[in-house]
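**Q** Sharing a structure below in C-alpha cells format, with a few things to ask.
Nothing in this text is a laboratory measurement; each read-out follows from the coordinates by a stated rule. Bear in mind that the values here come from a model prediction, so they are computed numbers and not experimental data. Please note: Cβ atoms are built from the backbone with ideal geometry, for glycine as well, and neighbour counts cover all protein chains shown.
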Amino acid sequence: MSGGTQHWIARPGQPLRGTVRVPGDKSVSHRAVMLGALAEGTTHVRGFLEGEDTRATARVFEQLGVRIETPSASERIVHGVGLHGLRGIATPLDCGNAGTGMRLLAGVLAGQAFDSVLVGDASLSKRPMRRVIDPLARMGARIDAEEGGLPPLRIHGGQRLQGIEYTLPVASAQVKSALLLAGLYAQGDTVVREPHPTRDYTERMLAAFGWRIEFSPGYARLTACGRLVATDVNVPADFSSAAFFLVAASIVPGSELRLEAVGMNPRRTGLLTALRRMGADIVEDNATEQGGEPVADLVVRHAPLHGIEVGGDLAPDMIDEFPALFVAAACAQGATTIRDAAELRVKESDRIATMAQGLRALGVEVDEHPDGATIVSGPMAGGTVDSHGDHRIAMSFAVAAQRASGEVRIEDVANVATSFPGFDALARDTGIWLGQGA
Ligand code: S3P
C-alpha cells in the first residue's frame, strides 16, 4: 500500500497508566506460517500478528496452495503441505511492505520445482536483495532481480541446491534465515556464521518442527534432508511494539505502565539494555516461558534519562528500536551517540536520515554519521514530520510529541498497520494524545 494519505496529529497527553498487551511478534508470525505451510500436519498459531506484513505472507502461501483458516483474530490454522507440496502460480506473489517476507520467501522458493515472482510495495521495491540473491546463487539458486539487485525477484525453479558454509558480511537474521530455509532443499549441510549474533527464531522454530539443526549465538548448522512435523506455535507479544511504550512512559513524568507478556528473546531486547544504561526504570515481572520463548511483563515508570553511546553487539539486538531510541535520546540529559548501525539506512526508510530530519523539524540538534547519529537533547517544539511511509518512524514521533511544546503533525502513517494495527487506539488508552490529521 502507498500509505501516503493518512496523517496523525499528536501532542502531550496524560502520564501513561494502566496495563496493555501489544500484538504478536512479527518475526515469529512470519516464520510460523512459513514452517507451518512446509510441515506435515496442522499447525495452530496463537497470537498471530494481524498486521499487513504477516497477512501478506499468509496470503502468499494460500496462493501457493496452502489452506489457512482464521478461526478468530490472531489465530491461524495452517494445513501444511509438506516440503514438496507447494503449487506454483503464474501471478506475482505480493510481499507488501515486508522485507522479512520477501527475503525468507526467496529462500523457500529457490528450492521449489516451479518458477515464481516476488513483488513488493514502493518501499520494499527499493530495498537491497543482493544480500540474499548472491549466497543463494552460491547454493545453486537462479534468481533475477532488477538493476541494483532490487525487487521484483524472478526465481527459477527446478534447480539443484547445495548446502554452503557462509559467513554473513553484515549481521542479518533475514539473510541467515533465507539460507537456512533454502538449506531445507539442499544436498549437504548449510552452515551460517554471523559477525554479530542476530535473532534466532528460524533456528528455534526449525528445531521445534523436528529438523536437525545446531545453533549458538552467531552460528547455525542445518543438517541436510529431513522433514518438518507440524507443531503449535504461541507467538509472544512483540518487543519491538512494546518499545514505543517503554520510551513513552520513560519520558512522560508521572507515568507507570505495565506491558504484559512481552517476548524477551535476548537478541531482541537491546533497547532495554540501552534504556537502563540511560537511567530508565523498567522492571521485569512474571517472567516465564511461552512456546520456548522467554516472556515477561515489563513495568516502566518515568525516570530522568541521560545520554549514552550505543554500538557494537548491542546494535543488532535493537536493530528495529533505533527510531524509538532517537526519541529517548532527544529527551535525555546530554548527547547520545549511535554507531555501528549503518543497516538502518536500508530499512523501510533510511531511518538515520528520517529520524534526523524529523527531530530537526522539532528543533532537536542531530548530527548524522554514516553508521549512526549524535542526538543532543533539547526542548522539542511542535512541527510537521514526514514518516516516509515507515511504520516505526510514525510511531516514534507519536511518542516524541508527548514531550513537545506544540502540536506535531505526522505525515504518511498508514503503514503503521504493517506491524502494529490499532497502535493509535492503544496509545490513547494509555494516555497518549493522538488524533487523525485532516
Ligand atoms: C527480521 C530481521 C531484521 C529486522 C526485521 C525483522 C526478521 O532485519 O530489522 O524487522 O524477522 O528476521 P535484518 O535481519 O535484515 O537486520
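**Q** Give the distance, in whole Å, between the Cα centre of region 283-303 and the Cα centre of region 235-256.
**A** Value for the Cα centre distance between the two parts: 12 Å.
**Q** Summing Lys, Arg as +1 and Asp, Glu as -1, what charge do residues with Cβ under 14 Å from the Cβ of V299 carry, V299 excluded?
**A** -1
**Q** Let me ask another. Could you please report the charge total around L206, scoring K, R as +1 and D, E as -1 over all other residues with beta-carbon less than 15 angstrom from its beta-carbon?
**A** Within the 15 Å Cβ shell, the charges total +1.
**Q** Using the Karplus equation 6.51 cos²θ - 1.76 cosθ + 1.60 (θ = phi - 60°), what ³J(HN,Hα) coupling, rounded to whole Hz, does each residue of region 414-421 give in order, writing x for Gly and Pro?
**A** Whole-Hz 3J(HN,Hα) from phi for region 414-421: 4, 6, 4, 5, 5, 10, 9, x.
**Q** Using the Cα centre of the chain as origin and beta-carbon charges of +1 (Lys, Arg) and -1 (Asp, Glu), tell me which of A249, L49, P370 is placed farthest towards the positive end of the dipole.
**A** Sorting the options by dipole projection puts first L49.
**Q** To continue, here is another question. At what distance in nm do the modelled label points of H156 and Q14 sit from each other, each positioned 7 Å from its Cα along Cα→Cβ?
**A** Distance between label points: 6.3 nm.
**Q** Remind me, relative contact order of region 174-308 in percent, using alpha carbon pairs under 8 angstrom and six or more residues apart?
**A** Across region 174-308, relative contact order equals 22 percent.
**Q** How do 218-226, 171-179, 27-35 rank on mean C-beta neighbours within 10 Å, highest first?
**A** Ranked from most to least packed, the peptides come out as 27-35, 171-179, 218-226.
**Q** What is the packing order of peptides 309-317, 135-143, 241-249, taking the mean over residues of other C-beta atoms within 10 Å and listing the highest first?
**A** Sorting 309-317, 135-143, 241-249 by mean packing, highest first, produces 241-249, 135-143, 309-317.
**Q** Something else: To the nearest 500 deg cm²/dmol, what mean residue ellipticity at 222 nm is calculated for the chain from DSSP H runs of n ≥ 4 alone, each contributing -39,500 (n - 2.57), summed and divided by the residues?
**A** After summing the helix terms and dividing by the residues of the chain, the value is -8500 deg cm²/dmol.
**Q** Then there is this: What's the percent breakdown of Cα-Cα distances in region 1-70 across 5 Å bins, shortest bin first?
**A** For region 1-70, the binned pair fractions read 3, 13, 20, 17, 13, 12, 10, 6, 5, 2, 0 percent.
**Q** Related question: Below 8 Å, C-alpha to C-alpha, sequence gap of six or more: please give me the relative contact order for the chain in percent.
**A** Once normalised by length, the contact order is 20 percent.
**Q** Hey, another quick one. For region 110-200, which GluC sites (Glu not before Pro) pass both filters: DSSP loop (anything but H, G, I, E, B) and at most 13 other C-beta atoms within 10 Å?
**A** Answer in residue order: E147.
**Q** Using all C-alpha to C-alpha distances in the chain, build P(r) with 10 Å bins and read off the rounded percent in each one.
**A** Computed distribution, short to long bins: 5, 23, 33, 25, 12, 3, 0.
**Q** Using only the C-alpha atoms of region 26-234, find the volume of their convex hull and express it per residue in Å³.
**A** 98
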